[in-house]
Structure formats: C-alpha cells, structure tokens
Amino acid sequence: MKHIEIFLVDDHQLVRDGIKALLAGIDDIQIIGEANNGNELLESIKLKHPDIILMDISLPDISGIDLTRMLSKSHPEIRVLILSMYTNEDFVFNAMKAGARGYLPKNTSRQELLDAMYAIHDGQEFLSESISKIILKSYLRQVTQPDAGTEDSPQSLTKREQEILKLFAEGYNNKEISTQLAINIRTVESHKTHIVKKLGLKSTVEMVKFAIKNKFVEL
C-alpha cells in the first residue's frame, strides 16, 4: 500500500482542521505537519520531508505561488498541490508555471481532493474539472494564433490518443476516461505520456491549449 505524507499550508486554522477531518481515517494518507505562513513552512521542511504540500495561495508573508517556485528549485521531489479560493486564469497559469503539480478550488469535494493527491503522488498533474474549463475559455481567444512551441501535428496521434486528449481537455480525469473508454487506468496514463512526448508538450496546460487550438473540443 502506498503511503503519502502531506503537509498543510493555510493561514486559517479552521481550513486546516477541516482538511484534517476530511482525511481522517484514510490509512494511506498521513498529515505530518502544518503551517500558517510561508516562513513557517520553509523552517518546517528542514526537518520534515512530505510527499505533497497542500498549499493556499493567499498567505500573510510569502504567496503560495512564490513558495511553489522556491520549492520547485530547492526541493523538486516535493510536489505542490494548490488549494485556493482564487480560480481565475492568471492564478492558475502562474501556479502551474511556478511548478505546482495540481490546482483545486476550495469548494472541491473530498473525492476530488483524494484523486488529486493520488494522481500527483504517482507523478501526474491534476486539474479539477472547473479549473480545466477556465483554461479552455482562456485559450479560446487564442486558438487562431500560431503556437511556436508545438511542432508536431494532431495527425501524429493515434485515434485512441486523440480520443483521450479530447476527453482530458474536456475536464475528465484518468479514472473517468478509463470508465468511458472501457480501458485500464494504467493504459490511459500510458497514452497520456505518449501524447505529451509526441507533441513536445511540457504540462497539462499545454495539452489543453493544444486540444483547443486543433479543435478537439468545442465550446
């Protein structure tokens, strides 16, 4: 059984207590520490080495995005999952660019929080369905612009890879895609890895952008 160690960073004790209550009783998840500001986190991880930091963006000293950027350089093995009330495109893009492995709104469900942590622990990125839609709408304005960063064409993807790219861009997670296509979840993950490599993409955001630009999704 996998064992995931979590560190909570939020300046509201009530929020931290709520997350601890949500995760209580889950055998493979352990909360090993918490902090209410950035400096407290930076001091704590000198002694504690969590697998995932569940991070708020709005903190009293250092922003969660700046902390994510710092941690991605100093502790690249620690994965940051943003949990924030701020869900506009600038916050999402800046957080992912800083090195966050996932982004969830604070009104997320318990199951989605668990799905995100398991996915990130397995080396994947995770965006909630609502965050994916924000990205879709943002890039809708840019679909006619050339994308210098993507050299390969949609034709380089197999039919199955195109199906998975479309579903992923529409906000489905690995488990939901697995169910809809009646294939193993590991097969979904393998296809996503091939998609990223074939298209020369670097992140979940770039995958969604590519899907919109090449009209895999309709809004």
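None of the figures in this text is laboratory data; all of them are computed from the coordinates on show. Being a predicted model, the structure only gives us computed values, none of them experimental. Here Cβ is always computed from backbone atoms with ideal geometry, including for glycine, and neighbour counts include all displayed protein chains.
Here is how the numbers come out for the structure above:
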quantity	calculated
Simple Cβ-charge dipole of the stretch 1-55, Lys/Arg +1 and Asp/Glu -1, about Cα centre, in debye nearest 20	80
Partners for residue 46 among lysines (Cα-Cα distance below 26 Å; same-chain residues under 8 apart left out)	2, 20, 73, 97
The chain: calculated mean residue ellipticity at 222 nm from DSSP helix runs of at least 4, using -39500 (n - 2.57)	-14500 deg cm²/dmol
Qualifying lysines (Cα of each under 17 Å from Cα of residue 192; at least 8 residues distant if same chain)	159, 166, 175, 202, 209
For the stretch 4-127, the fraction of alpha-carbon pairs in successive 5 Å shells from zero, as %	2, 12, 25, 28, 22, 10, 2, 0
Segment residue 75-residue 11, length gained on full extension (0.36 nm per residue, minus Cα span)	20.8 nm
Options 38, 191, 118, ranked by Cα towards positive dipole end of the chain, top entry (Cβ charges)	191
The chain, relative contact order [Cα under 8 Å, separation at least 6], %	15
Mean separation of Cα contacts under 8 Å (6+ apart) over length of the stretch 4-127, as relative contact order %	22
For the chain, size of Cβ-based charge dipole, Lys and Arg +1, Asp and Glu -1, in debye	700
Given charges at beta-carbon only (K, R positive; D, E negative), |dipole| of the stretch 4-127 in Debye	160
Distance between modelled label sites at residue 46 and residue 182, nm, 7 Å Cα→Cβ extension	5.8
Extreme residue, positive dipole direction of the chain, given options 173, 8, 29 (C-beta unit charges)	173
Whichever aspartates and glutamates have a C-alpha closer than 18 Å to that of residue 106, once near sequence neighbours (fewer than 8 apart) are set aside	10, 11, 17, 34, 56, 89, 90, 115, 125, 129
Part-to-part distance (alpha-carbon centres) for the stretch 1-69 and the stretch 187-219, which is given in Å	30
